[in-house]
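Here is the structure we will look at, set down as structure tokens.
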Amino acid sequence: MAKSATDLMQDILVATTLDAFMALKKASGGLPNALLRDLNAVHANTTLADLPAEVQAAIAASVRDAFSRLLKEGYTVAPSRGAPPPPAPRSPTPPPRSRAKSGPPTVETRRPRPPVKPKGR
């Protein structure tokens, strides 16, 4: 039975994470203080270029392996065709109603205001 996409992606991400950890340990040269320093240097704004060369190589290999596993499991990997165009905006006015059953339209008018009388002097 083929794995679901969710199970496959979880397997890929776990393997990639473990490979990155092992590469980080290798980059520290087995020194606990260097490993701790490298771990503390990783933060939310870290880019691939900020990581040690060993970790960069492990990530590149994991990406290649992930695409190979996806293809082997029968999933299609293709470039994006872009986002679909947004739906047309709705008209703010309601559609016209049929006047077959109703009479002619009613037009409301305002009465003119009576003139203002000045208060006595």
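So the values come out like this:
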{"read-out": "Some residue of segment 54-61 being at pLDDT 90 or above and open to solvent by 70 Å² or more (accessible area, probe 1.4 Å)", "value": "yes"}
{"read-out": "Segment 64-75 residues that are within 14 Å of ASP11 (Cα to Cα), paired with ones that are part of a loop (DSSP other than H, G, I, E, B) and open to solvent by 100 Å² or more (accessible area, probe 1.4 Å) (beta carbon under 9 Å, 6 or more apart)", "value": "LEU70/THR76"}
{"read-out": "Any chance ALA78 is open to solvent by less than 100 Å² (accessible area, probe 1.4 Å), within 23 Å of ALA5 (Cα to Cα) and at pLDDT below 80", "value": "yes"}
{"read-out": "Residue match in segment 2-11 (condition: surrounded by 14 or more Cβ atoms within 10 Å (Cβ to Cβ) and touching a helix residue (DSSP H, G or I) at 6+ places or on another chain (Cβ under 6 Å))", "value": "no"}
{"read-out": "Identity of the residue in segment 42-60, more than 16 Å from LEU18 (Cβ to Cβ) and of a type in the set (A, V, I, L, M), that ends up nearest to the chain's Cα centre (by Cα)", "value": "ALA44"}
{"read-out": "Segment 36-52, residues that are of a type outside the set (A, V, I, L, M, F, W, C), assigned to a helix (DSSP H, G or I) and either touching a residue at least 24 places away in the same chain (Cβ under 8 Å) or open to solvent by 90 Å² or more (accessible area, probe 1.4 Å) (or both)", "value": "ARG37, ASN40, ASP50"}
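The values are calculated or read from the model by the stated rules, or taken from the named source; none is laboratory data. Just so it is clear, the structure is predicted and the values come from calculations on it, not from any experiment. Here Cβ is always computed from backbone atoms with ideal geometry, including for glycine, and neighbour counts include all displayed protein chains. Ligands, DNA and RNA are excluded from the accessible area calculation, which covers all protein heavy atoms including side chains. Shrake-Rupley method; radii C 1.70, N 1.55, O 1.52, S 1.80 Å.
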